[in-house]
Amino acid sequence: MTRHLFGTDGVRGTANTYPMTAETALRLAAAAGRFFRRDASPGHRVVIGKDTRRSGYMIENALTAGFLSTGMDVVLLGPVPTPAVGMLTHSMRADVGVMVTASHNPHHDNGIKFFGPDGYKLSDAAEMEIEALFAGDVDLCLPENIGRANRIESAIGRYVEAAKATFPTGKRLDGLKVVIDCANGAAYRTAPEVLWELGAEVIAIGVQPNGYNINKGVGSTAPQAAVDAVLQHGADIGICLDGDADRIAIIDEKGHIADGDQLMGLIAARWAKSGELRGGALVATVMSNLGLERWLGGQGIDLHRTDVGDRYVVDAMRQGGFNLGGEQSGHIVMSDYATTGDGLLAGLQFLAAMVETGHRSSELSNVFSPCPQVLKNVRFSEGMAPLEVASVQSAIQDAEASLLGKGRLLIRKSGTEPLIRVMVEAEDETLLNEVAETVSQAVKDAA
């Protein structure tokens, strides 16, 4: 069966346009409710969280109606980070969890992410079964079995306490001035509170959501606001989250930005030294820099690569028994603490390193020298398949031959947009740019 609804990370699109309409959300929730509620017994439960988009109200209510119609009780969490939904799905013994978010995308987009009863994102197989139910006729429950919905106020407090518990026992952030940029998103209350309760002097930006300003000029995909705040206030560090707080970027005291690869390298090395890195390996995607792989090898740490998407990183971690993984984009997954990427928890690991070593953030945020990298995005027309065109395949083969032993080429189709992503890494910048331009032009000609 071909997937039409689900992409690399749930269902996503422009709000009030298929598939992100109230009608689709209701039907999708009914299908998911039928999938998870396999018997008529009472007590089946779903938890629903959301970020701060205006359209979240519409999607949340439609999902609620769909789940109720199949006999599921609904617990509404309100605006909470995506990792909080994974945590609460498991701790509240729910059958399924749902996060309404389009992550780092602008306000006019929205999305739906599902979590299983173990708090992990659903497998491809489970999503395909739900999509099959969505395409058919969903059996609704009897009137006397319609579910109930209630909103709880304790979700934020539960997550705050869980986040603080990941910080080293007996350690505090006293004396550290921390800029936290919450992207006007889901962590606008939780992240500043956690940092303040741990003793930091907190300068919070991106904490005034109005339904339309999520990720707008703030957050991990627009870190300049945090850079400016760090320099203006003489802060020791800046932590940038995205709209649903599952990714991070670090700003050092000099205003330099560190990506997820640098943070993963730091955590992996520290955990390996303390004996906490299970399997002696880090799991990352094919997008992580070649420089990270080489540096980890020098530390005696293996790098296992997966397809793009934190869900695939988590799958590989679970299958291999590893406890650290993530993406260059800033999704950092630490399975000892969370079931999915958690920007705040990753930031706490960096702060713990500062506290325990006494080093400044600039001394910890550049653990390896990245291999020069070029990423080009080529848009293609609907119905076209440029990667199947003979001229493109020939250009790819020639490029791979020229890079043999000198770098690498990665070409992939975006899971959320009609884009072909061309990524090239090589120490020789002339070769790097030539290969990137030749391959991307071949794709353009075929698109």
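The values are calculated or read from the model by the stated rules, or taken from the named source; none is laboratory data. Here the structure is a predicted model, which means the values were calculated and not measured. When we count neighbours, we look across all protein chains shown, and the Cβ atoms used for this are built from the backbone with ideal geometry, even at glycine. Calculation scope for accessible area: heavy atoms of the full protein, side chains included, ligands and nucleic acids excluded. Shrake-Rupley method; radii C 1.70, N 1.55, O 1.52, S 1.80 Å.
The dipole here belongs to the chain: it is taken about the Cα centre, uses +1 on the Cβ of Lys and Arg and -1 on the Cβ of Asp and Glu, and is about 720 debye. Scoring 126-138, 179-191, 264-276 by mean Cβ neighbours within 10 Å over their residues and listing the highest first yields 179-191, 264-276, 126-138. Segment 164-182 and segment 1-65 have Cα centres separated by 35 Å. Specify whether the C-alpha gyration tensor of segment 180-236 places it in the rounded, prolate or oblate class, a ≥ b ≥ c being the square roots of the eigenvalues: rounded for a/c under 1.5, otherwise prolate if a/b is larger than b/c and oblate if not. In terms of gyration-tensor shape, oblate. Ranking A65, S402, A442 by how far each Cα lies toward the positive end of the dipole of the chain (charges on Cβ) leaves A65 at the top. With contributions of -39500 (n - 2.57) from each DSSP H run of at least four residues, the per-residue ellipticity at 222 nm computed over the chain stands at -11500 deg cm²/dmol.
What order do H44, H359 take when sorted by accessible area (1.4 Å probe), most exposed first?
Numbers: H44 20, H359 85 Å².
Final ranking, largest accessible area leading: H359, H44.
Taking packing as the residue-averaged number of other Cβ atoms within 10 angstrom, the listed peptides 223-236, 53-66 run from highest to lowest as 53-66, 223-236.
May I ask what percent, to the nearest 5, of DSSP beta bridges between residues of the chain are antiparallel?
Details: 34 of 64 bridges.
So the antiparallel bridges amount to about 55 percent of the total.
In segment 335-438, Cα pairs under 8 Å separated by at least six residues give a relative contact order of 28 percent.
What number comes out for accessible area per residue over segment 321-421 if the probe is 1.4 Å? Units Å², please.
Result: 44 Å² of accessible area for each residue.
Sorting K177, K216, K121 by accessible area puts them as K216, K177, K121; the probe is 1.4 Å, largest comes first, and only protein heavy atoms count. Within the set (1) 0.99; (2) 1.05; (3) 1.25, the number that Cα Rg over 2.2 N^0.38 Å takes when calculated for this structure is listed as (1). On the beta carbon distance between Y57 and D228, with R0 = 51 Å, the FRET formula returns roughly 0.95. Rounded, prolate or oblate, given the Cα gyration tensor of segment 154-268, with a/c below 1.5 counting as rounded? Taking the square roots of the gyration eigenvalues as a ≥ b ≥ c, segment 154-268 is rounded. For the pair segment 220-256 / segment 297-343, the C-alpha centres are spaced 23 Å from each other.
Reducing segment 398-447 and segment 102-136 to their Cα centroids gives an inter-centroid distance of 31 Å. As a fraction of the 1.4 Å probe accessible area of the chain, surface on carbon and sulfur atoms comes out at 49 percent.
Among H256, H4, H331, what's the order by accessible area (1.4 angstrom probe), most exposed first?
Details: H256 110, H4 145, H331 10 Å².
Descending order: H4, H256, H331.
The charge dipole of segment 359-416, taken about its Cα centre with unit charges on the Cβ of Lys, Arg, Asp and Glu (plus for the first two, minus for the last two), comes to roughly 180 debye. In plain terms, the chain from D137 to R379 could stretch by 83.5 nm, reckoned as 0.36 nm per residue minus the Cα-Cα distance.
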